[in-house]
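Following: one structure in structure tokens, then a few remarks.
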Amino acid sequence: MMRNCREITRLCSEALERELTLRERVTMRTHLMICLPCRNFRTHLAFLRQAMRRYTEGKSGAGPDDS
């Protein structure tokens with residue numbers, strides 16, 4: 001059964017926190033092959049996660065405010 005975009009974007013988010021089941025991975029990948037908006041969402045989600053990781057790494061380093 002094909003899932004809708006709301007369910008796929010939820011799976012994209014959950015995939016960052018836990019390992020998806022085989023069925024969930026196949027369903028998500030199949031949907032992403034045909035749905036450009038969901039592919040864009042996944043790309044933006046990955047970008048935001050990476051940006052936040054870099055931001056928090058910069059905060060924990062020795063900077064001018066850490067004296």
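The values are calculated or read from the model by the stated rules, or taken from the named source; none is laboratory data. None of these values were measured; they are calculated from a predicted model. Note that we place each Cβ from the backbone using ideal geometry, even for glycine, and neighbour counts take in every protein chain shown. Only protein heavy atoms, including side chains, enter the accessible area calculation; ligands, DNA and RNA are left aside. Shrake-Rupley method; radii C 1.70, N 1.55, O 1.52, S 1.80 Å.
For this structure, a couple of remarks:
- Of all residues in region 8-31 being over 19 Å from Ala46 (Cβ atoms) and not β-branched (Val, Ile, Thr), the one that is most open to solvent (accessible area, probe 1.4 Å): Arg23
- Residue count for region 6-30 satisfying the condition of being in contact with a Cys (Cβ under 9 Å, 6 or more places away or on another chain) and either more than 26 Å from Arg53 (Cβ to Cβ) or modelled with pLDDT under 95 (or both): 0.
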